[in-house]
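Since every read-out is calculated from the coordinates, none of them should be taken as a lab result. None of the values given here were measured: they were computed from a predicted structure. We place every Cβ from the backbone using ideal geometry, glycine too, and count neighbours over all the protein chains shown.
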Amino acid sequence: MKNFVDLYTDYLISSSSYTTATGMASLLSIKHDKITKALSSGVYDSKFLWKYAKPYIQELTQSKERIILSFDDSIEEKQYTDESELNCWHYDHVFGRSVKGINFLSALVEVAGMRLPCAVEFIKKDVWETDLKTGKKKRKSKITKNELFRNMLRECYGKFQFDYVLADSWYSSIENMICSKKELKTDFIMALKSNRKVALSLEDKQNETYIGIETLQLGQQTVEIWFENLDFPLLLTKQVFKNENGTVGELYLACSDLNLSYEEITTIYKKRWAVEEYHKSIKSNTGFSKSPTKIIKTQTNHFVLSIVAYIKLEWLKQRTGKNHFAMKAQIYLSAQQAAYAELKKLSTPRAA
């Protein structure tokens, strides 16, 4: 099926419930087995995603606008799907506990309001190990999320230019900082956990005098810091903000560009929120979690194609001026109107 990707992604966007081969076959008058075969035999992975996104990203990155590359992972809970190396237990910091689901890491390019995913990897816990405390066996990944981060960062660097790499505290390891700044010569802004220790000068670092960043009285300013295993300085800022529930939150940011001000660092880092909006959209608008597929290959193929559907919505956003949720609401309303018209047609008595 030559146009399978377009048909499938359009079906994902237009659907408001579970997406199945049977449902798509009925809607488009295509044989069910053709759809099943195309989804199970196709190779839809991070390379395919880049191939699809490449022309859009190349066009966007020609502009003089600041180019941001953000990384973040998310978990799509799939409690009732059979456990596998793909659908298994992962710790979710949002809930503070482990949940059963799909854990995936995405790289998102943001230029002048356009947010396009350019790479995605699924965390597969493909080996078993024995917990020394409990003696029970548990799943573990051969490659860590931080190793995936560095691999994806290198791949992105080889494909297009970007000005800053953004990541949350999970990815603010020394190895990741070295990869970005020293290896790839690209600046980063990364969140830090409040228990990180730093030196306030090169002399302090040489004397091994380190203090916890939570002890620093930081206002709306930057301070130069040194990490123990890092041979270049960073700027540290502390951002204080109010949460939706009225509580006050704190965010420590480490920046490798020593020329940025407090305002510039915090403004640039706010763009990382685009990744959260991307996660929300693929889960709500493109059927990421709404496929009942059971085999790992068809599951990952479906997930990647739902991300491709997101790219379609993002491009339509520029054309229509409507966000993803507004477009989905418009599609749903049209479907309801068509259903209502059909019901009225069925309810109208035939003339004798």
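Before moving on, here are some points about what is shown:
- For the range 82-160, the percent of C-alpha pairs falling in each 10 Å distance bin, counted from 0 to the bin holding the largest distance, reads 16, 38, 30, 12, 3, 0.
- At 1.306 mPa s and 10 °C, Stokes diffusion of the chain via Kirkwood alpha-carbon radius, µm² per second: 70 µm²/s
- Under the span-like rule (Cα at least 27 Å along the axis, Kyte-Doolittle mean at least -1.0), DSSP H helices of the chain: 296-320, 324-347
- For peptides 318-326, 152-160, sequence by mean Cβ density within 10 Å, most packed first: 152-160, 318-326
- Pairwise Cα distances in the range 166-315 exceed 18 Å in 66 percent of cases.
- With neighbours defined as other Cβ atoms within 10 Å of a residue's Cβ, the residues Thr247, Thr300 order from fewest to most as Thr247, Thr300.
- Chymotrypsin sites (Phe, Trp or Tyr not before Pro) lying in DSSP loop within the range 88-149, provided at most 12 other Cβ fall within 10 Å: Phe95
- GNM flexibility winner over the chain from Thr266, Thr237, Thr81 (Cα, springs under 10 Å): Thr81
- log₁₀ of I(q)/I(0) at q = 0.18 Å⁻¹ - the range 1-125, Debye sum with one point per alpha carbon: -1.18
- Shape call, the range 74-226: gyration tensor on alpha carbons, a/c limit 1.5: oblate
- The base-10 log of I(q)/I(0) for the range 289-345, evaluated at q = 0.18, 0.26, 0.28, 0.30 Å⁻¹, reads -0.79, -0.94, -0.99, -1.06 [Debye formula, identical scatterers on Cα atoms, solvent excluded].
- Summed over qualifying helices (DSSP H, 4 residues or more, each -39500 (n - 2.57)) and divided by its residue number, the chain shows a 222 nm mean residue ellipticity of -12000 deg cm²/dmol.
- Among Cys118, Cys179, the ranking by other beta carbons within 10 Å of each residue's beta carbon, starting with the fewest, stands as Cys179, Cys118.
- For the chain, the share of DSSP beta bridges that are antiparallel, to the nearest 5, is 85%.
- For the chain, the relative contact order comes to 19 percent (Cα pairs under 8 Å, sequence separation of at least 6).
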